[in-house]
Amino acid sequence: MSRPSMRRIALLPLGVAVLFAPSLLGGSASVYSAAVLIAILAVMSYGLDVIVSDLGEVSLGHTVFFAVGAYATALLSTRAGFGAWGTLAASIAISLVFAAVIGLVTLRLREFVFSLVTYAVAVVAMSLAANWAFLGGSDGVRGLPMLDLSFAGLSLTARTDRELWPYAFGMLVVAIYLVDRFRNSRLGAAAIMTHLNPRLATVGGIDPARVRLQVFLFSAPITATAGWLYAYQRAYVSVDILENYFLILMLTAVILVGRRQLLGPLLATALVLTQEKFFSFGGYVDKIVLGSVLVMVLAFFPQGLMGLARPLSRLFRMFRPAAKVVAESKPTASTSLEISK
Amino acid sequence: FTALFGALVSPAYTTAAAFLVLIGLLVLRPGGLSASAAAGAHG
């Protein structure tokens, strides 16, 4: 059995534990609310994770895809009567269009300039969302219906966070599966090669510009799907969905545990949101905490929390040789027999 | 330039318009206005 297959099987019991975690932690409304939000914002972060960790570019405009998913859902469900499946398909399709446009525009751009242009796109989107009446302006879009994924006589609805949790968990599982498949695919390998050495990648027959665009097109629908479910969870969408808070949360989620760690964004999002929901300092202090975490990780732990594993294991190994020497110095039965001969 | 900008763009959208101009400049001249269009696109 291949290593990726074994790893996926090993994740099964963990997945089951996570599914039942909210009920095991008391099952209160606040626990389910936190669990749903963790799942949604973790999926949002997985979209950016692919761009930052695999392509090596920092996109500061990924909140646009989150907003595309949310606004598409809000507008189509309240004004055109679309059901949840329809809004999901529309969110993915519209995010692909946006990703294609942004990807083509930024095709020749790298590093700082790429980040600046993507941030400028987010600013434009925020300005439009706040002022354009079509998008609800500063009031936003209200009155979204409940999530209804019913089909073929099977009732799949969610009014509360408790009922929404299985859908949020399912979306999280799908996102993690897709990212894992991507990293074990030829596109994922090409993305890494493009990141590490674009010239060598070109010599090897890889078109870096095409790979960048494809990875962008892969990442956008993941983040947009998170926006889709976020819209149903809040039943309200407004321009605050494009605030820097979501961008900082995404960036922190990508780097806190470590780059290219499959469960990294999920663990990091869970840590950050658990602090906000259950150990809150109130008001803007939580945002200061989030920003401080990002700065500290970038400054002192650039490899994330996983970077601490190596020095800790080295520390552990320092004590191991002494124990080994003591064990080896004690005569065993076989050595005693040889001496007596 | 500011007066012309204000005349062409509604006040509610000046931020969006200004950043669209910035995007255009960075895409066409990633190395800066003094660099040629073929100059490196690295930041």
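The values are calculated or read from the model by the stated rules, or taken from the named source; none is laboratory data. Quantities reported herein were computed from a predicted structural model and do not represent experimental measurements. Because the Cβ atoms are built from the backbone with ideal geometry, glycine has one as well, and the counts that use them run over all protein chains shown.
Some observations on this one:
- Selection count, the range A:234-252, where residues are in contact (Cβ under 8 Å) with a residue 60 or more places away in the chain and either buried (at least 20 other Cβ atoms within 10 Å of the Cβ) or aliphatic (A, V, I, L, M) (or both): 11
- Residue list for the range B:13-29, filter: part of a helix (DSSP H, G or I) and more than 7 Å from chain A (Cβ to nearest Cβ): B:Thr14, B:Ala17, B:Ala18, B:Val21, B:Gly24, B:Leu25, B:Leu28
- No other residue among A:Val58, A:Val36, A:Val64 is closer than 30 Å to A:Gln303 by Cα and more than 14 Å from chain B (Cβ to nearest Cβ) apart from A:Val36.
- Only one entry of B:Gly32, B:Gly40 meets the criterion of being modelled with pLDDT under 75, more than 9 Å from every other protein chain (Cβ to nearest Cβ) and under 19 Å from A:Leu107 (Cβ atoms), and that entry is B:Gly32.
- Qualifying residue in the range A:96-118 (condition: under 15 Å from A:Val239 (Cβ atoms), in contact (Cβ under 8 Å) with a residue 12 or more places away in the chain and not basic (Lys, Arg)): no
- A:Ala130 being within 14 Å of chain B (Cβ to nearest Cβ), closer than 17 Å to A:Tyr236 by Cβ, assigned to a helix (DSSP H, G or I) and among the hydrophobic types (A, V, I, L, M, F, W, C): yes
- The residues of the range A:87-118 that are of a type outside the set (S, T, N, Q) and within 15 Å of B:Leu25 (Cβ to Cβ), listed by number, are A:Val105, A:Arg108, A:Leu109, A:Phe112, A:Val113, A:Phe114, A:Leu116, A:Val117.
- Qualifying residue in the range A:192-203 (condition: basic (Lys, Arg), in contact with a strand residue (DSSP E or B) (Cβ under 8 Å, 6 or more places away or on another chain) and in the same structural domain as A:Val97 (by TED's automatic domain parsing)): no
- Residues of the range A:49-70 classified as under 15 Å from the mean Cα position of the chain (by Cα) and assigned to a loop (DSSP other than H, G, I, E, B), total: 5
- Qualifying residue in the range A:213-222 (condition: surrounded by fewer than 24 Cβ atoms within 10 Å (Cβ to Cβ) and among the aliphatic types (A, V, I, L, M)): yes
- Flag if A:Ile92 is out of contact with any Pro (no Cβ under 8 Å at 6 or more places or on another chain) and at pLDDT 95 or above: no
- Hey, A:Ala191 hydrophobic (A, V, I, L, M, F, W, C), surrounded by 19 or more Cβ atoms within 10 Å (Cβ to Cβ) and under 30 Å from A:Met6 (Cβ atoms) or not: yes
- Taken over the range A:231-259, the criterion of being hydroxyl-bearing (Ser, Thr, Tyr) and in contact with a strand residue (DSSP E or B) (Cβ under 8 Å, 6 or more places away or on another chain) is satisfied by A:Tyr232, A:Tyr236, A:Ser238.
- Residue count, the range A:166-213 (criterion: charged (D, E, K, R), within 30 Å of A:Val18 (Cα to Cα) and free of Cβ contacts under 8 Å to residues at least 12 places away in the same chain): 1
- Answer from A:Ala72, A:Ala34, A:Ala67, A:Ala39 - the residue that is surrounded by fewer than 21 Cβ atoms within 10 Å (Cβ to Cβ), assigned by TED's automatic domain parsing to the domain that holds A:Pro221 and modelled with pLDDT of 90 or more: A:Ala34
- Given (1) part of a loop (DSSP other than H, G, I, E, B); (2) within 14 Å of another protein chain (Cβ to nearest Cβ), index of the condition A:Gly81 fails: (2)
- Counted residues, the range A:140-159 - those being modelled with pLDDT of 90 or more and not in a loop (DSSP other than H, G, I, E, B): 6
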